[in-house]
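Peer 1: Have a look at the structure that comes next, please.
The values are calculated or read from the model by the stated rules, or taken from the named source; none is laboratory data. These numbers were taken from a predicted model, which means no experiment stands behind them. Cβ atoms come from the backbone with ideal geometry, glycine included; neighbour counts cover every protein chain shown. Accessible surface is based on the protein model in full, side chains and every heavy atom, while ligands, DNA and RNA are left aside. Shrake-Rupley method; radii C 1.70, N 1.55, O 1.52, S 1.80 Å.
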Amino acid sequence: MTKFKMNSDSNNGSQVTLTSYMIGGTDNGEINHGYDSTNDLTKDQNICIGCQKKNNNALFNLPDSNYLRNRTKPTMKERLLDKVKKGCTRKVLYKRIPILSWLPSYNLDYAICDLVAGVTVGLTVIPQAIAYANIAGLPPQIGLYSSFLGCFFYTIFGSCKDSAVGPTAISALLTRENIHGLGPAGATIFCFLNGCVVFLMGVFQCGFLIDFVSGPVSVGFTSAAAIIIATTQMKDILGLPYPGGDFVIIWEQIIQHISETRFNDAALGIGTILVLLLLRSIKNIRFGSGDDEKEPVKAFLNKSLWLISTARNIIVVCVTAAIAYLFEIHGSQPFRLTGYVKPGLPDIVPPEFEINMGNTTRSFMEVTSTIGTGLLVIPLLCILENVALAKVFADGKAIDATQEMFALGICNIASSFVQSMPVSGALSRGAVNNASGVRTTCGGIYTAIIVMLSLKFLTPCFSYIPKASLAGIIVAAVVFMVEIQVVKPMWRTKKTDLIPATATFLGCLLLRLEVGIILGIAINIMFLLYQSARPSVRVEKSTTPSGCDYLLITPDRSLAFPSVEYVRNTVSKAGIKQGSSSIPVVVDARHIQAADYTAANGIKSLIDDFYQRNQAIIFFNLKPRVSSIFQGVGPKQFIHCNTYQELNQLLQKHCKDTKCKIKMIDAHEIIDFSM
């Protein structure tokens, strides 16, 4: 059933509004040839969805009962009370404290799996923590301080069982670049502020900010960070005592002092990397295949190889420390060692918000100003790293980014009370956790206990760890973070994605990490704005079954103020050049989901242009809310329809009117000629 009504207005010209029900158009966009709308116009006159008269025009409205009710907006106080009421429920409590959900069903099997995974991750995190403290330019015990308290709090508030909270290579590098020599006290304040920002982002549900970090930007950032991290360790592998700085400065120092390379340290560092890469690959060796793997001996061998591969870092550290100790007791030391590691657990005290450096005191505001943009960029990257880890091991389950922000924020705030640097979930430790069969976040408790025991009893042994072996551990880990393999798929799919990826990579490498990632995000936003301002507009010439020619123009997205002038010019040019200023123009608005005031004014000017040269323009498939926006600016002649049958009728009517005008003009010319 199709119905339309045409009215004329002396001031505004004419307006045709068509309202459809039970349309008969085909799905593929073709006009139904056998349709006769003349009979339907006299039938079922009582079927109408909200036609009302206003200013002598028939307007398309939705039913008052469902859509046009005059609702009173709640006040701010009512909104806050409603928010508090919704937040104080059992469901929200279980959502924000996930341990309440799984603890009642916790059993012995879960406890054994978590124990095995927690101990395995603990053996992995100890050498990593010491190495990451070296990346951050901090004493080795700071890395260990950062590795246990966050685990306890993540057990309570975390939603990803595989996440092992602690220091990471990227967070360590970002800490080094942003504390600007403020030392352990500056790293602690940075950890506290990072936690506060992340927690507030969770409160205000700012998880959407992560969506602005696209895949290419993330790839460029991660690859550049991996190269910078590896570069900072080259001086330790070569045995050079010069402090590390920026990427370019480090390589300048290495080139200048390459002749001072210590052969023993270089041999140990390179050997460590080769051994670690070898141990990493042995986990792929399988004894037997299929059902044969379940035989006790083969299963034991496969499990042993996996355990050796997983614990490769602690094995290498223990072996190299033992070698260094043997040299020490025999009166020689060919390697540069880690040196003194402060024994015992740290005191639980609030962060010092004033830092005493020599004869000067840096206030909290001065420290905050020194960190600068890192207070915004670093939390975003920590969240991105943690959410990415959660997604990898989600097994298809939805990830609550807001809850991860709450958990990560609380972990950082709590860790700052034990002199920690910023912490996050590490993908490498998460993979170990998952492969070890962890069942709940309780595995973090056992990891924390292992770290605490090492601080209490093993710190004298840590002093014998060669710096070259720690540097080798870092290099062997970050070399796989350089994602060269994604360049080829980017080139095959969308070559322009290489622009933000390359800009981010070079910006991070040559400037600063946060500058590089902001540069990449800015380029992506510019691409989005350009696409918004320059939508694709398809123009094609078509003919109805009755033989009426028309120009079909299809914009591919909604209209907003950046794009309306471009769309207006495109449609006008198409109407003049391809439509010869006479052929009707049909604008297929199926993709126009929204519009604003500027867009409505642009469409009004477009309609007025067509009206002045007596060329018809018809809007097809226009959404009711968009139609009301266009009508609100009062165009001279606004014609729109929603079905192919209505469009066919309008085009047929236009063809008849045009033919009548041509006949009248021809007759007039003949009369004038005869005179």
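Peer 1: Within the stretch 161-190, track down each residue that is in contact with a helix residue (DSSP H, G or I) (Cβ under 6 Å, 6 or more places away or on another chain), modelled with pLDDT of 90 or more and more than 23 Å from Val478 (Cα to Cα).
Peer 2: Pro184, Gly186, Thr188, Ile189, Phe190
Peer 1: In the stretch 614-638, which residue that is assigned to a loop (DSSP other than H, G, I, E, B) and within 38 Å of the chain's Cα centre (by Cα) is surrounded by the fewest Cβ atoms within 10 Å (Cβ to Cβ)?
Peer 2: Taking the stretch 614-638 first, the residues assigned to a loop (DSSP other than H, G, I, E, B) are 614-616, 621-623, 633-638.
Still in the list and also within 38 Å of the chain's Cα centre (by Cα): 621-623.
Numbers: Asn621: 18, Leu622: 23, Lys623: 16.
Ranking the candidates gives Lys623 first.
Every residue, every condition in (1) surrounded by fewer than 22 Cβ atoms within 10 Å (Cβ to Cβ); (2) within 25 Å of the chain's Cα centre (by Cα); (3) not aliphatic (A, V, I, L, M), yes or no:
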{"site": "Tyr132", "(1), (2), (3)": "no, no, yes"}
{"site": "Gln141", "(1), (2), (3)": "no, no, yes"}
{"site": "Cys160", "(1), (2), (3)": "no, yes, yes"}
{"site": "Ala172", "(1), (2), (3)": "no, yes, no"}
{"site": "Thr175", "(1), (2), (3)": "no, yes, yes"}
{"site": "Gly181", "(1), (2), (3)": "yes, no, yes"}
{"site": "Thr231", "(1), (2), (3)": "yes, no, yes"}
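Peer 1: Got a number for residues in the stretch 402-429 being within 20 Å of the chain's Cα centre (by Cα) and either surrounded by 24 or more Cβ atoms within 10 Å (Cβ to Cβ) or closer than 19 Å to Met452 by Cα (or both)?
Peer 2: Summing the residues that are within 20 Å of the chain's Cα centre (by Cα) and either surrounded by 24 or more Cβ atoms within 10 Å (Cβ to Cβ) or closer than 19 Å to Met452 by Cα (or both) in the stretch 402-429 gives 9.
Peer 1: Hey, another quick one. Would you check which residues across the stretch 138-159 are at pLDDT 90 or above and more than 18 Å from Leu345 (Cβ to Cβ) and list them? Before you say what the answer is, go through the steps one by one.
Peer 2: Step one: filter the stretch 138-159 for residues at pLDDT 90 or above, giving 138-158.
Passing the criteria: Tyr154, Thr155, Ile156, Phe157, Gly158.
Peer 1: Those residues that are closer than 21 Å to Val418 by Cβ, in a helix (DSSP H, G or I) and not polar (S, T, N, Q), I need them from the stretch 171-189; list them, please. Break it down stepwise before answering.
Peer 2: From the stretch 171-189, those closer than 21 Å to Val418 by Cβ are 171-172, 174-176, 178-179, 182-189; that's our starting set.
Filter again for in a helix (DSSP H, G or I), leaving 171-172, 174-176, 178-179, 183-189.
Within the stretch 171-189, Ala172, Leu174, Arg176, Ile179, Gly183, Pro184, Ala185, Gly186, Ala187, Ile189 meet the criteria.
Peer 1: Considering only the stretch 441-495, give the helices (runs of 4 or more DSSP H) lying wholly within it that have at least 2 residues that are touching a Leu at 6+ places or on another chain (Cβ under 7 Å) and open to solvent by less than 60 Å² (accessible area, probe 1.4 Å). Show your work before the answer.
Peer 2: Values: elements: 443-457, 459-462, 467-478, 487-493.
By residue number, 443-457, 467-478.
Peer 1: Can I ask one more? Hey, Asn386 hits all of (1) surrounded by 18 or more Cβ atoms within 10 Å (Cβ to Cβ); (2) at pLDDT 85 or above but one; which does it fall short on?
Peer 2: The single condition Asn386 does not satisfy is (2).
Peer 1: Examine the stretch 569-577 for a residue that is on the phi > 0 side of the Ramachandran plot and either open to solvent by less than 40 Å² (accessible area, probe 1.4 Å) or not in a strand (DSSP E or B) (or both), and state whether such a residue exists. Before you say what the answer is, go through the steps one by one.
Peer 2: Pass one, the stretch 569-577, residues on the phi > 0 side of the Ramachandran plot: none.
No, that holds for no residue.
Peer 1: Quick check on Ile583: is it in a loop (DSSP other than H, G, I, E, B), open to solvent by 10 Å² or more (accessible area, probe 1.4 Å) and out of contact with any His (no Cβ under 6 Å at 6 or more places or on another chain)? If you could, list the steps in order and put the result at the bottom.
Peer 2: Details: in a loop (DSSP other than H, G, I, E, B): yes; open to solvent by 10 Å² or more (accessible area, probe 1.4 Å): yes; out of contact with any His (no Cβ under 6 Å at 6 or more places or on another chain): yes.
Yes: the conditions hold for Ile583.
Peer 1: Just checking: which of the helices (runs of 4 or more DSSP H) contained wholly in the stretch 323-439 hold 1 or more residues that are of a type outside the set (Asp, Glu) and touching a His at 6+ places or on another chain (Cβ under 6 Å)? It would help to see each step written out before you state the result.
Peer 2: On the way: elements: 364-371, 374-392, 401-415, 427-435.
Per the criteria, 364-371.
Peer 1: Further, regarding this structure: It is to be established whether one or more residues within the stretch 93-111 are under 25 Å from Ser454 (Cβ atoms), buried (at least 20 other Cβ atoms within 10 Å of the Cβ) and in contact with a helix residue (DSSP H, G or I) (Cβ under 8 Å, 6 or more places away or on another chain).
Peer 2: no
Peer 1: A follow-up question, please. Of the residues Leu498, Leu510, Leu529, which single one is closer than 30 Å to Ile250 by Cβ and open to solvent by 50 Å² or more (accessible area, probe 1.4 Å)? Walk me through it before giving the result.
Peer 2: On the way: Leu498 fails: open to solvent by 50 Å² or more (accessible area, probe 1.4 Å); Leu529 fails: closer than 30 Å to Ile250 by Cβ.
Result: Leu510 is the single residue among Leu498, Leu510, Leu529 that is closer than 30 Å to Ile250 by Cβ and open to solvent by 50 Å² or more (accessible area, probe 1.4 Å).
Peer 1: Testing Leu278 on (1) loosely packed, with under 13 Cβ neighbours inside 10 Å; (2) at pLDDT below 85, one condition comes back false. Which one is that?
Peer 2: Checking Leu278 against (1) loosely packed, with under 13 Cβ neighbours inside 10 Å; (2) at pLDDT below 85, the one that fails is (2).
Peer 1: Picking from Arg557, Arg534, Arg568, which residue would you name as being in contact with a Phe, Trp or Tyr (Cβ under 9 Å, 6 or more places away or on another chain), touching a residue at least 12 places away in the same chain (Cβ under 8 Å) and charged (D, E, K, R)?
Peer 2: Details: Arg557 fails: in contact with a Phe, Trp or Tyr (Cβ under 9 Å, 6 or more places away or on another chain); Arg568 fails: in contact with a Phe, Trp or Tyr (Cβ under 9 Å, 6 or more places away or on another chain).
So the residue among Arg557, Arg534, Arg568 that is in contact with a Phe, Trp or Tyr (Cβ under 9 Å, 6 or more places away or on another chain), touching a residue at least 12 places away in the same chain (Cβ under 8 Å) and charged (D, E, K, R) is Arg534.
Peer 1: Also: Can you give me the ranges of the helices (runs of 4 or more DSSP H) entirely in the stretch 207-320 with at least 3 residues that are under 30 Å from Phe406 (Cα atoms) and of a type in the set (Val, Ile, Thr)? Before the answer, list the steps.
Peer 2: Details: elements: 215-237, 247-256, 263-281, 296-310.
By residue number, 215-237.
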